[in-house]
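The values are calculated or read from the model by the stated rules, or taken from the named source; none is laboratory data. In this text the structure is predicted, and so the values were computed from the model without any measurement. Here Cβ is always computed from backbone atoms with ideal geometry, including for glycine, and neighbour counts include all displayed protein chains. The protein model used for the area step is the full one, side chains on, heavy atoms only, and it has no ligands, DNA or RNA in it. Shrake-Rupley method; radii C 1.70, N 1.55, O 1.52, S 1.80 Å.
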Amino acid sequence: MTKLSKIIITSLAILSLTGCSLFSSDTDTSITGTTTSTNPNKVIYNASDFNITVPRDWEILDGIKLPAGSPQSVVVAFKNNIKNKKFIANMNVSEYDTKDQKTTQEEMVKSMKDNFKNTLIDFKDLGDQKVNVNANGTPIEAILTTFSGKSDAIEDSKNFKQLYVENNNTAYIITTSYSTDEDPEVVAKIEETINSFELK
């Protein structure tokens, strides 16, 4: 399986957080982070090489708490505590070694998007934007992609946001999925969480 295929599978693995697992178990259950907080509504999830601020009432899944079958590249997942009528909003953070990767960040995002077109039903590209991610005090360029689609013909379409950033021979991919009619407050929390991602 190519590195790109693993990225696609990991991104779609988010769909299994609220349902049946689609993958065989290959998660490194020894890796966990810590949480800190100075805000009554948020916690900071601290991994060895990144931080991300999430709503305090969202469930944090890492190490042995990750769903059975989560790909090894998934470091942590976050799940809303309130179920939408159709789906539970959730997010995951994955890491990949890019030491031997020959493609640029833009080429990688385009390749992932092309694969989503072939993987998701009713795929709709909702646009890309370049954003900055703080990396140990220095802003580095990342790409935020937004799209919609569904993995099964009988389910409702979902919205996805995916942040892709590379630093020190490692790619970080933050993928979130939520119902197309999700509460605007939840969507705002999702966007705030993605924007809080920073590298150490």
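The figures follow:
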{"read-out": "In segment 59-72, the residues that are open to solvent by 20 Å² or more (accessible area, probe 1.4 Å) and touching a residue at least 40 places away in the same chain (Cβ under 8 Å)", "value": "PRO67, ALA68, GLN72"}
{"read-out": "Any hit, segment 91-98, residues being under 14 Å from ASN159 (Cα atoms) and either out of contact with any strand residue (DSSP E or B) (no Cβ under 6 Å at 6 or more places or on another chain) or buried (at least 20 other Cβ atoms within 10 Å of the Cβ) (or both)", "value": "yes"}
{"read-out": "Flag if GLU155 is open to solvent by 30 Å² or more (accessible area, probe 1.4 Å) and within 23 Å of PHE50 (Cβ to Cβ)", "value": "no"}
{"read-out": "Restricting segment 87-121 to residues that are of a type in the set (Asp, Glu) and outside any helix (DSSP H, G or I), the residue that is nearest to PRO71 (Cα to Cα)", "value": "GLU95"}
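Residue-wise test of (1) buried (at least 20 other Cβ atoms within 10 Å of the Cβ); (2) touching a Ser or Thr at 6+ places or on another chain (Cβ under 9 Å); (3) modelled with pLDDT under 95; (4) acidic (Asp, Glu).
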| position | (1), (2), (3), (4) |
| --- | --- |
| ALA171 | no, yes, yes, no |
| THR175 | yes, yes, yes, no |
| THR180 | no, yes, yes, no |
| GLU192 | no, yes, no, yes |
